[in-house]
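What follows is a single structure, written as structure tokens, with notes after it.
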Amino acid sequence: MLRKTLLTLVLALPLAAAGQSGEQLIDRYTTLAGSKQNAGSLVNGLRDGKQVRLTRGTSTETFTPPTGKMGYGNVDHALALAEASLKEQGITRPTPAQLEASLKPILQMRAEGKGWGQVAQSLGFKLGDVKRSDKAQPHAAHSDRVARVERPNRPEKPERPEKPERPERPERPAKPR
């Protein structure tokens, strides 16, 4: 009986985790998207490679991601980079059109086969900084950090003496057959 219960739990865990990841992303990007409905459309549309519909008031934007289906990690990267890009422009509550405009080049680069690090770098970010930061500040904004301490120059290595030339080997006499 215990063995059967454990097996049921182990099999159910990945399914629960997958559903939870989508909900976590929806919760995380609700403010960016302007509503839970928009966040759900973004996360699910990017995840399934289907049409995304963003609405605010009378404004509606619709697009289909060029990337096709994406995993939750990729969805998170794309939305985090879009959020960072908008914040760099001073936009914290984007309209559907602004959100689509910031997301489209990110998705296009990804569809062209660029890695997330390359996509982030082309936008002026480091993916690690964007993912670590709740504020998603651009890499250039970190200039207020303490400058790295410069290492003292290493002393130059002394030159090695030249090796003497090897004497030529004398030819061996041919063996009689």
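The values are calculated or read from the model by the stated rules, or taken from the named source; none is laboratory data. Keep in mind that this is a model prediction, so the values were computed, not measured. Don't worry about glycine lacking a Cβ; one is built from the backbone with ideal geometry, like all the others, and counts go over all protein chains shown.
See the values below:
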{"item": "Test for residue 83: is it among the acidic types (Asp, Glu) and buried (at least 18 other Cβ atoms within 10 Å of the Cβ)", "result": "yes"}
{"item": "Residue that is nearest to the chain's Cα centre (by Cα), among those in the stretch 63-87 that are farther than 19 Å from residue 30 by Cβ and among the β-branched types (Val, Ile, Thr)", "result": "67"}
{"item": "Single condition residue 170 does not satisfy, out of (1) within 30 Å of residue 68 (Cα to Cα); (2) modelled with pLDDT under 90", "result": "(1)"}
{"item": "Test: residue in the stretch 38-49 that is more than 15 Å from residue 100 (Cβ to Cβ) and in contact with a Pro (Cβ under 8 Å, 6 or more places away or on another chain)", "result": "yes"}
{"item": "Close pairs from the stretch 36-58: first within 14 Å of residue 76 (Cα to Cα), partner in a strand (DSSP E or B) and among the polar types (S, T, N, Q), Cβ under 9 Å, at least 6 apart", "result": "41/55"}
{"item": "Residues of the stretch 32-43 satisfying the condition of being more than 20 Å from the chain's Cα centre (by Cα) and closer than 13 Å to residue 95 by Cα", "result": "34, 35, 38"}
